[in-house]
Amino acid sequence: MRKYIFVAGMMVLALSAGTMSRTLFSDDFSDEAASNQLWISNVESVKLQFSNGTCTVTNTDTDYSGIASHTFSENDKSSVFTLSGKITLESASMAAGFVCCLSVSGAAQGYYISIRGDGMVGVTKINSSGSGEVVLSHSSAYLTSGTNELKVSKKDDQFTIFCNGHFDARFTDDDFAEGNIALLVAPKTTAVFDDILMTDDFDTTGPPTCFADDFNDGDLVGWSSFGSEGVEVRIDESTLRITTAKEQDHYQVVDLPLKEFVMRVVVSLHGGTTQNLYGLFICGTPEGTATIPLAGFGITGGRSFAAFSVGQTTLSPNSHIRGAPYVSSTGDTTFYKDTLEVIKRNASGDYFFIVNGDTLTKFAGVNFDVTGAGMFCLDSLDVVFDDFVAAEGTTGECPVRHLSLSGVQSRNLRIGGRVDARLFDLSGRLIARENAVSRADVVPGVYLRRDAIRPLFLINQQ
Ligand SMILES: [Ca+2]
Ligand SMILES: [Ca+2]
C-alpha cells in the first residue's frame with residue numbers, strides 16, 4: 001500500500017513539472033511601496049493609488065485612454081505569455097484592461113484589451129504613429145457588473161481572451177511579438193486592479209464544444225439574447241419562462257460553434273396563441289450584412305411544426321406534438337411537455353427535427369457555419385423551457401453549466417435590420433441606436449457596427 005502511494009505521488013510530481021510555468025511578473029498590491037516602483041504613469045491625467053491591497057487607477061482625461069506601464073528588462077520579455085488580473089469598474093460606461101506587447105518609445109504601441117462595465121470586450125491595436133485599428137469588439141456573456149477577471153494568452157500570432165475563466169474570443173496578429181505591459185483605463189474612468197499575473201505559458205483552451213442548462217440556479221450566465229425589447233424572460237420554478245406580447249419575438253442564444261451536433265430542449269406551452277412557433281434555432285455570424293443567418297425548428301400549440309429559414313415558413317400538422325394545455329370539461333388544466341431535438345450527423349448532411357422521439361422532417365436549408373444555438377419564441381406566447389443542451393458530437397451530453405457569477409444579466413442584443421445602424425465610435429460609445437440613422441448623419445471616419453452575436457465590422461466611411 002505504501003509503495004503504491006509513493007508511486008502515485010511521483011506521478012503527480014512528474015505531471016505538474018511538465019505543465020509548470022514561470023512567473024514573469026506578479027503584483028497583488030500587498031506592498032504599496034513595492035507596487036509604487038513597479039508601475040509608472042507618464043501623463044498627468046492618470047493617477048495611481050495603492051490601498052487596501054489593490055491599485056486604483058483614475059483617468060481624468062475626457063478624450064484619451066491612459067496607461068500605467070510596467071517595463072521589463074530585455075531578458076524578461078517573452079513572446080509567449082498569459083497575462084491576467086482582476087478589474088472592478090465604477091460604472092457601466094467605464095472601461096479598463098491591459099496593454100500587452102507594449103512599446104512606449106514614441107506612441108504607446110501594442111494591443112489594448114479592455115472590458116466595459118456593460119459587458120463589452122474590445123481589442124484595439126495601436127501602431128507607432130498612434131492610430132488605432134479595432135481587432136474585435138463584442139458583448140461577452142461571462143462578464144459581471146462586479147469584479148471581473150480578464151486574461152489574455154499569446155503564442156506566436158495567436159491571442160486568446162478569457163473572461164472570468166471562460167473562453168471569450170480569439171484573434172491572430174503578428175505585428176508586435178513582445179513587450180511591456182500596462183494597466184489601461186478609458187477616458188473618464190476609475191478602475192480598481194488586483195492580482196496582476198503574467199506567466200510564460202500559453203493557455204490552449206479553445207471555444208466550448210457544448211453547453212447545457214437546467215435553469216435551476218436562477219441566473220442566465222453564458223446566455224445572450226436578441227429580438228424585441230421588453231419581452232418578459234425569467235427563471236421560474238427552475239425553468240426558463242418567456243412571455244411575448246403581440247409583435248414581440250425573443251431569441252435566447254449561446255455562443256457555440258457546432259458542426260455535427262445534438263441539441264435538445266423540453267418545452268411546455270402555458271398560454272397564448274396556438275398559431276405561433278416556438279422551439280430551437282441555430283444561427284451564424286453575418287458577414288458584412290445586417291441579417292443574422294438563422295434556421296428555426298419549432299412547433300405550435302396547435303400541434304403543427306416547421307423547419308425554416310427566415311421568410312420561408314410553412315406549417316405542417318403532426319399528432320406526435322402535444323402542444324397547448326388541455327382544459328377539461330370540469331375546468332382542470334393539463335400542461336404538456338414536448339421534447340424537441342435537432343440533430344446534425346455529418347458536415348454536409350441534413351438537419352433532423354425530432355419531436356418526442358419521432359423524426360418529423362429533415363431540413364437542408366442551412367448554408368452558414370453555425371456559431372450560436374438556442375431557443376426562440378415568436379409573438380403572443382407564454383412558453384416554459386427546461387433542460388437545454390447543445391453538444392458537438394453524437395451523444396447530446398454535456399455537464400450542466402455550473403457557473404455562478406453574481407450580477408450577470410442575460411444581455412439583450414438586437415437582430416436583423418435594426419442592428420445595422422448600431423454604430424459605435426472607437427472607444428465603444430454608442431452613437432446611433434435606431435435604424436433611422438443614415439450614413440449622412442455621422443461624420444466621416446471609422447466606426448464599429450455591432451451585430452447581435454459576434455460583432456463587429458469596421459466601416460470606412462467616405
Ligand atoms: Ca491584492
Ligand atoms: Ca430545470
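Values quoted throughout were computed directly from the atomic coordinates according to the rules given, and no laboratory measurement underlies them. Bear in mind the structure is a predicted one, so any value in this text is a computation, not a measurement. Cβ placement follows ideal geometry from the backbone for every residue including glycine, while neighbour counts extend to all protein chains displayed.
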Between Y326 and D236, the FRET efficiency computed from the C-beta separation at R0 = 22 Å comes out, to the nearest 0.05, as 0.55
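Just want to confirm a number: the relative contact order over the range 210-407, from Cα pairs under 8 angstrom separated by 6+ residues, in percent. Don't skip to the end; give the middle numbers.
On the way: 530 pairs, mean separation 68.8, N = 198.
After rounding, I find 35 percent.
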First select every other residue whose beta carbon is under 13 angstrom from the beta carbon of A324; then total the charges, Lys and Arg +1, Asp and Glu -1. +1
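Provide the gained length on full extension for the span D63 to K337, in nm with one decimal, where the gain is 0.36 nm per separating residue minus the Cα-Cα distance. Kindly include the intermediate steps, with their values, before the conclusion.
On the way: separation 274, 0.36 × 274 = 98.64 nm, distance 5.47 nm.
Length difference between fully extended and current span is 93.2 nm.
Treating only the Cβ atoms of Lys and Arg (+1) and Asp and Glu (-1) as charged, compute the dipole magnitude of the range 210-407 about its Cα centre; round to the nearest 20 debye.
The calculated dipole for the range 210-407 is roughly 540 debye.
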Per DSSP, the loop-located GluC sites (Glu not before Pro) within the range 66-166 having at most 15 other beta carbons within 10 Å are E90
Got a sec? Which residues in the range 90-109 would a label at S128 touch, if it sits 7 Å along Cα→Cβ and we count backbone N under 19 Å? 100-109
Cα pair distances in the range 16-132, grouped into 5 Å bins until the bin that holds the longest one, percent each: 2, 9, 17, 23, 22, 16, 7, 3, 1, 0
Point-to-point label distance, K77-Q158, nm (Cα→Cβ direction, 7 Å offset): 2.3
If R0 = 35 Å, then A177 and N52, at their Cβ-Cβ distance, give a FRET efficiency to the nearest 0.05 of 0.45
In whole angstrom, note down how far apart the Cα centers of the range 91-167 and the range 68-89 are. 13
For F297, what is the net charge nearby, where nearby means another residue's Cβ is under 13 Å from its Cβ and Lys, Arg count +1, Asp, Glu -1? 0
Over 30 Å between C-alpha atoms is what I'm after, so list which of K47/K77; K86/K125; K151/K337; K77/K125; K246/K337 land there. K151/K337
Diffing the range 225-235: the Karplus 3J(HN,Hα) column from phi (6.51, -1.76, 1.60, θ = phi - 60°), in whole Hz with x for Gly and Pro, holds 8, 9, x, 6, 7, x, 6, 7, 10, 8, 7
